[in-house]
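Undergrad: Here it is, the structure, as structure tokens.
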Amino acid sequence: METCGVFARSQRLAGRGLIVCALLISTYEVSPLKAQSCGSAGLAVQVLGSGGPELQDKRASASYLIWDHGTARVIVDAGGGSALRFGESGAQMSQLDVVLFSHFHIDHSGDFPALVFSSWFEDRKRPLAVYGPPGNDFMPSTREFVRDLFSEPHGAWRYLSDLAGPAAKGTYTLEPHDVAAASKPVLVFRNSDMVAYAVRVIHGGFPALAWRLEMGGKRIVFSGDTNGEGDGLTQLASEADLFVAHNAIQEGATGVERRLHMPPSVIGTIAANAHVKQLILSHRMLRTLGKENETEAEIRRHFSGPIVFANDLDCFPVK
Ligand SMILES: [Zn+2]
């Protein structure tokens, strides 16, 4: 811009120079990153964040976008860094039907306020539903989470309290819901062309959900963070066209790591028993990055379908 400013000052009496400058300004004002093309022809999952909490993994934390013929319909989790990736994806908050949270660890929810503030500048005229787990002593419920961020009088960003208020017809407000999930999948919501199911999963002592979206005859399943205990996730993932699972620990991990997350052998067993058609591995933490060969070999002992390690902004068509 400074080049243009100098040029404009030196050429201020030359109309031709100003036209060139205007062209330069318009070039600069265009986003430096072209929108990624994902899902323009059908259903697709775009990985906004493929990393874990550690910033040194140089990845955004967990977040996924479901594209439906070029429209961003659903976002699942919004970990740190994912708001930037959302912008890079070319999506608009006004396109979304729903926000789904697996749980409220920061690497799954930290960029939600950034998404919401960005949406403030869009022309959205309908409520935005937000679904996530109930709370306990360690975590807020989904309703508390939204209230603690945006509601008067104590919300951290109560200057946006208009968004947290009761919905008036034709206005944009956030509509949070606590999902009473169980150990078996339950129907959470349905609209004209989308159905969502959730199941309670075990993630240490933190309330957590796995999600299944059904759209256009396809099933897309997100494990969220879980140690894989029980068979609820296998039931939820049954016949999934795409199964996004979290590769947060290595085989043989013990202690807190294992109480929170599933090792490759458990991912492989669930993918095989559920007969999923494609397995995407995400939430790639420093302790699993660089161990892809070992991870894949362990999963291959159980699951013979396609396996892909996700990177930020990867786009996976759901066929
Ligand atoms: Zn977690």
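Undergrad: Any chance you could count how many residues in the stretch 208-258 are more than 17 Å from ARG284 (Cα to Cα), within 16 Å of the ligand (Cβ to nearest atom) and buried (at least 24 other Cβ atoms within 10 Å of the Cβ)?
TA: Residues in the stretch 208-258 being more than 17 Å from ARG284 (Cα to Cα), within 16 Å of the ligand (Cβ to nearest atom) and buried (at least 24 other Cβ atoms within 10 Å of the Cβ): 5 in total.
Undergrad: I've got another one for you. Residue check: is ALA78 of a type in the set (A, V, I, L, M, F, W, C), within 15 Å of the ligand (Cβ to nearest atom) and at pLDDT 95 or above?
TA: Criteria met by ALA78.
Undergrad: Just for the stretch 118-146: of the residues that are of a type in the set (D, E, K, R) and assigned to a loop (DSSP other than H, G, I, E, B), which one is most open to solvent (accessible area, probe 1.4 Å)?
TA: The extreme case among them is ASP137.
Undergrad: Consider only pairs whose beta carbons are under 8 Å apart and that are at least six residues apart or on different chains; among these, list those whose first residue lies in the stretch 186-215 and is at positive phi and whose second residue is among the hydrophobic types (A, V, I, L, M, F, W, C) and within 14 Å of the ligand (Cβ to nearest atom).
TA: So the pair list comes out as GLY204/VAL256; GLY204/LEU260.
Undergrad: Ok, one more. Residues in the stretch 87-112 that are among the aliphatic types (A, V, I, L, M), away from the ligand (no atom under 16 Å from the Cβ) and part of a helix (DSSP H, G or I): how many?
TA: Count: 1.
Undergrad: Another question, then. Count, please, the residues in the stretch 106-117 that happen to be touching a residue at least 60 places away in the same chain (Cβ under 8 Å) and surrounded by fewer than 24 Cβ atoms within 10 Å (Cβ to Cβ).
TA: Matching residues across the stretch 106-117 total 0.
Undergrad: While we're on this one: Checking the conditions here, which among ASP123, ASP57 is within 16 Å of the ligand (Cβ to nearest atom), of a type in the set (D, E, K, R) and more than 17 Å from the chain's Cα centre (by Cα)?
TA: The unique qualifying residue is ASP57.
Undergrad: Identify, from the list LEU149, LEU115, LEU84, the residue that is in a helix (DSSP H, G or I) and either within 16 Å of the ligand (Cβ to nearest atom) or farther than 23 Å from GLY51 by Cα (or both).
TA: None of the other options fit; the residue is LEU149.
Undergrad: Further question: Could you please give the count of residues in the stretch 48-77 that are touching a Gly at 6+ places or on another chain (Cβ under 7 Å), part of a loop (DSSP other than H, G, I, E, B) and crowded, with 24+ Cβ neighbours inside 10 Å?
TA: Final tally of qualifying residues: 3.
Undergrad: Report whether or not MET262 is within 26 Å of THR142 (Cβ to Cβ) and buried (at least 24 other Cβ atoms within 10 Å of the Cβ).
TA: Judged against the criteria, MET262 is a match.
The values are calculated or read from the model by the stated rules, or taken from the named source; none is laboratory data. Source: prediction; values computed, not measured. With ideal geometry, Cβ positions are generated from the backbone for all residues, glycine too; neighbour counts draw on all protein chains shown. Just the protein is used for accessible areas: all its heavy atoms, side chains included, with ligands, DNA and RNA removed. Shrake-Rupley method; radii C 1.70, N 1.55, O 1.52, S 1.80 Å.
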